[in-house]
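A.B. asks: This is the structure I want to talk about, given as structure tokens.
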Amino acid sequence: MSGNGTADLIFVNGAVYTVDAARSWAQAVAVRAGRIIAVGTDTDVREMAGPGTEVVDLAGRMLVPGFQDAHVHPVGGGVDMLQCDLHDLSTAEEYLRAIGEYAASHPDVPWILGGGWSMDAFPGGTPAAAALDEVVSDRPVYLPNRDGHSGWVNSLALKIGGITRDTADPADGRIERDPRGEPLGTLHEGAMDIVGAHAPDPTPVELYEGLLKGQAYLHSLGITAWQDAIVGTISWANNLETYVRAAEAGDLTARVVGALWWDRHLGLDQIEELEAQRARGRAGRFAATSVKIMQDGVCENFTGAVLEPYLDGHGRATENRGISFVEPELLKEVVTRLDASGFQVHFHALAERAVREALDAIEAARSTNGPSDGRHHLAHIQVVHPDDIPRFRELRAVANAQPLWAAHEGQMDELTIPFLGEPRWRWQYPFASLVRAGAVLAMGSDWSVSTPNPLEEIHVAVNRKMPSQYPHKVETDEVFLPEERLDLPTALAAFTMGSAYVNHLDADTGSIEPGKYADLAVIDRDLFAAPVEDIAAATVDATYVEGERVYATEGS
Ligand SMILES: [Zn+2]
């Protein structure tokens with residue numbers, strides 16, 4: 001109990017899970033001028049109500065700190081929602097029907113864009129141009145998959161990109177080919193750009209609409225802050241101005257940290273430009289204070305950087321160790337310079353060699369610069385060599401987990417485990433080991449790669465099984481590496497305080513404590529009162545930022 005005077009807003013009769021240091025519970029919360037002024041019992045808090053106070057009766061529902069997504073792409077996700085959106089579908093037939101219908105209902109769009117297909121819907125994860133040609137042949141089609149690392153194109157798009165059987169693979173990507181050597185219609189990583197470069201970029205108006213669409217969607221899931229994992233002024237990620245304009249116009253209701261894109265084709269010289277973008281990228285609730293370095297790709301297309309080679313389909317070692325997008329010695333210098341400049345570094349570090357290279361780079365920065373408050377973080381951390389787990393604590397590197405992927409499903413069982421092999425596949429998503437070793441854990445979704453619903457992600461973090469409503473193929477009921485399950489308090493704390501820490505917002509958000517912003521989410525039930533198998537069945541009834549309601553279901 002603290003504070004005095006009249007509250008603008010009170011929540012009573014609830015299960016208030018504060019995520020304070022003691023993980024304490026309360027019944028009621030009072031808010032004035034956007035800040036929490038009291039946390040306590042109904043009696044304590046009702047005393048602070050006056051005639052003008054809004055009273056929210058939680059009726060036993062759960063009140064939590066607003067969720068914070070530590071790695072998300074809301075502008076692109078929002079733009080996708082406005083284009084040919086395949087995320088909620090799961091079979092080749094459904095995709096082709098949706099693409100055909102979208103093309104027919106949008107006769108004026110020059111390119112069919114959007115995406116979100118899943119590799120496990122196709123043999124070998126690689127769909128063909130011929131299938132697309134049957135539904136759209138008059139216009140080019142370019143559709144990235146749900147993780148954004150592979151693209152599906154039709155024959156006209158291949159032609160526009162000039163891709164033939166004679167086109168060599170680029171250094172940072174691969175053109176999928178049929179047995180005769182002809183381009184099949186799937187392009188991986190850097191090869192996507194050969195076609196993608198010809199597709200029209202979203203206009204500033206479309207980007208702005210995309211941001212607002214994405215923001216509304218994230219608020220509907222209880223999210224009040226996030227880190228945008230790619231912010232830039234480049235053609236395909238031209239969203240820095242979008243955020244600045246939205247923040248200045250008062251349209252940005254979420255708190256957002258922007259991670260500025262590190263262009264791996266440029267060198268250290270770009271730091272000056274990034275510093276200029278950081279200076280420009282500060283407005284209202286937005287701050288572009290992080291730099292995103294993509295160090296490798298993903299395992300499903302063998303571009304994730306591994307220490308020992310991938311196996312082939314028969315369990316034999318190949319020559320392929322994936323791709324380190326930034327040469328490891330250069331990476332050390334880059335991270336040291338960014339750290340000295342006061343940037344946070346946000347790594348895409350997915351497989352075990354990339355994780356090691358990222359940790360080595362932070363180690364180099366620490367030894368040159370001494371400790372910093374950069375809160376550098378490694379996102380994805382799909383495969384972590386056991387020797388590297390204690391280094392997260394030692395180096396004050398934050399583990400930024402995308403827990404939805406830590407389960408048996410088609411992409412994992414058919415496209416990942418056989419190619420990682422024993423024992424390496426067991427090193428995947430070692431969240432509990434990291435926590436036991438003292439690492440700070442944050443969480444995020446990587447939407448639009450996968451659902452941004454924190455309750456579904458927390459469900460998988462706790463159960464290591466997909467929720468029953470998951471739209472993609474799951475053929476086993478087996479728990480994925482059960483020793484790496486987290487308990488519910490740890491997962492909730494990672495999605496609130498942990499991500500607030502990464503966003504340098506922990507002094508003002510991340511828990512329900514007097515003095516902090518009233519950034520809050522009302523969940524339709526007390527998650528602790530039901531079996532953990534039911535976490536994903538819960539939904540968010542209302543979301544508040546600084547005491548303003550930014551989302552509510554009808555009737556709540
Ligand atoms: Zn991402």
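The values are calculated or read from the model by the stated rules, or taken from the named source; none is laboratory data. Given the structure is predicted, the values throughout are model-derived calculations rather than measurements. Please note: Cβ atoms are built from the backbone with ideal geometry, for glycine as well, and neighbour counts cover all protein chains shown. Keep in mind that these areas ignore ligands, DNA and RNA; they rest on the heavy atoms of the full protein, side chains included. Shrake-Rupley method; radii C 1.70, N 1.55, O 1.52, S 1.80 Å.
A.B. asks: Let me confirm something: among D508, D477, D519, which residue is at pLDDT 95 or above and open to solvent by 40 Å² or more (accessible area, probe 1.4 Å)?
C.D. replies: Only one candidate qualifies: D508.
Okay, residues lined up against (1) touching a Phe, Trp or Tyr at 6+ places or on another chain (Cβ under 7 Å); (2) open to solvent by less than 70 Å² (accessible area, probe 1.4 Å); (3) in a strand (DSSP E or B); (4) among the small types (G, A, S):
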residue: Y243; (1), (2), (3), (4): yes, yes, no, no
residue: A247; (1), (2), (3), (4): yes, yes, no, yes
residue: D251; (1), (2), (3), (4): no, yes, no, no
residue: V256; (1), (2), (3), (4): yes, yes, yes, no
residue: A259; (1), (2), (3), (4): no, yes, yes, yes
residue: L266; (1), (2), (3), (4): no, no, no, no
residue: I271; (1), (2), (3), (4): no, yes, no, no
residue: S290; (1), (2), (3), (4): yes, yes, yes, yes
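A.B. asks: Conditions first: (1) in contact (Cβ under 8 Å) with a residue 40 or more places away in the chain; (2) assigned to a helix (DSSP H, G or I); (3) out of contact with any strand residue (DSSP E or B) (no Cβ under 8 Å at 6 or more places or on another chain). R391 passes all but one, so which condition is the exception?
C.D. replies: Of the numbered conditions (1) in contact (Cβ under 8 Å) with a residue 40 or more places away in the chain; (2) assigned to a helix (DSSP H, G or I); (3) out of contact with any strand residue (DSSP E or B) (no Cβ under 8 Å at 6 or more places or on another chain), the odd one out for R391 is (1).
A.B. asks: If you don't mind, there's one more thing I want to ask. Between a residue in segment 102-129 that is of a type in the set (D, E) and any residue that is open to solvent by less than 30 Å² (accessible area, probe 1.4 Å), which pairs come within a Cβ distance under 8 Å, given they are 6 or more apart or on different chains?
C.D. replies: From residues that are of a type in the set (D, E), the pairs are D120/E409; D120/G410; D120/Q411; D120/L415; D120/H472.
A.B. asks: It is to be established whether one or more residues within segment 145-157 are touching a residue at least 60 places away in the same chain (Cβ under 8 Å), within 16 Å of the ligand (Cβ to nearest atom) and at positive phi.
C.D. replies: Yes, some residue in segment 145-157 is touching a residue at least 60 places away in the same chain (Cβ under 8 Å), within 16 Å of the ligand (Cβ to nearest atom) and at positive phi.
A.B. asks: Could you grab me the full set of residues in segment 189-207 that are part of a loop (DSSP other than H, G, I, E, B), hydrophobic (A, V, I, L, M, F, W, C) and surrounded by fewer than 16 Cβ atoms within 10 Å (Cβ to Cβ)?
C.D. replies: A197
A.B. asks: (1) within 16 Å of the ligand (Cβ to nearest atom); (2) more than 30 Å from L63 (Cβ to Cβ); (3) part of a helix (DSSP H, G or I): which one isn't true of L218, the others all being true?
C.D. replies: (2)
A.B. asks: Between a first residue in segment 478-497 that is of a type in the set (K, R) and a second residue that is open to solvent by 10 Å² or more (accessible area, probe 1.4 Å) and in a loop (DSSP other than H, G, I, E, B), which pairs have beta carbons less than 9 Å apart while being 6 or more apart in sequence or on different chains?
C.D. replies: Going by the 9 Å Cβ cut-off, the qualifying pairs are R485/V479.
A.B. asks: Any residue in segment 365-377 that is within 16 Å of the ligand (Cβ to nearest atom), in contact (Cβ under 8 Å) with a residue 12 or more places away in the chain and part of a helix (DSSP H, G or I)?
C.D. replies: No - not one qualifying residue is present in segment 365-377.
A.B. asks: Might you let me know whether segment 490-507 holds any residue that is of a type in the set (D, E), in a helix (DSSP H, G or I), under 21 Å from the mean Cα position of the chain (by Cα) and within 30 Å of I36 (Cβ to Cβ)?
C.D. replies: No, every residue in segment 490-507 fails to be of a type in the set (D, E), in a helix (DSSP H, G or I), under 21 Å from the mean Cα position of the chain (by Cα) and within 30 Å of I36 (Cβ to Cβ).
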